[in-house]
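S.K.: Encoded as structure tokens, here's the structure I'll be asking about.
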Amino acid sequence: ASGRASITVRDILAASQRQPVPQRGYQCMSCCRVFPTLWSIKTHIQHSSQEGYSCKLYYRRLKALWEKGHKELEAAAPV
């Protein structure tokens with residue numbers, strides 16, 4: 001089910017904070033293209049397969065890894 005999770009603006013922001021961009025904008029962590037607005041990068045990710053990129057798959061897998069890590073941390077936390 002997490003493989004079908006939708007990519008949110010929060011996910012995009014979390015990923016982009018790990019990679020500073022020298023220009024103003026948001027960098028796609030998959031293809032490294034820079035977009036001026038959150039809306040434009042989210043649109044790019046949603047339609048990346050039409051452009052020949054696999055960015056949507058990349059972000060889905062990244063989100064699944066984050067969710068898995070979060071669940072593992074919760075399970076390891078003392079009660």
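The values are calculated or read from the model by the stated rules, or taken from the named source; none is laboratory data. Source: prediction; values computed, not measured. Note that each Cβ is placed from the backbone with ideal geometry, even for glycine, and that neighbours are counted across all protein chains shown. Calculation scope for accessible area: heavy atoms of the full protein, side chains included, ligands and nucleic acids excluded. Shrake-Rupley method; radii C 1.70, N 1.55, O 1.52, S 1.80 Å.
S.K.: Counting just the residues of the stretch 45-67 that are within 13 Å of the chain's Cα centre (by Cα) and over 15 Å from Ser6 (Cβ atoms), which one comes out least open to solvent (accessible area, probe 1.4 Å)?
M.R.: My answer is Ser54.
S.K.: Kindly list, by first and then second residue, each pair from a residue in the stretch 1-16 that is over 16 Å from Ser48 (Cβ atoms) and open to solvent by less than 50 Å² (accessible area, probe 1.4 Å) to a residue that is at pLDDT 80 or above and assigned to a loop (DSSP other than H, G, I, E, B), limited to pairs with Cβ atoms under 6 Å and residues at least 6 apart or on different chains.
M.R.: Listed by first residue and then by second, the contacts come to nothing, as the list is empty.
S.K.: Confirm whether Ala75 is over 15 Å from Val9 (Cα atoms) and in contact (Cβ under 8 Å) with a residue 60 or more places away in the chain.
M.R.: Here the answer is no, as Ala75 does not meet what is asked.
S.K.: What number of residues within the stretch 21-33 satisfy the criterion of being surrounded by 14 or more Cβ atoms within 10 Å (Cβ to Cβ) and within 14 Å of the chain's Cα centre (by Cα)?
M.R.: Within the stretch 21-33, residues that are surrounded by 14 or more Cβ atoms within 10 Å (Cβ to Cβ) and within 14 Å of the chain's Cα centre (by Cα) number 7.
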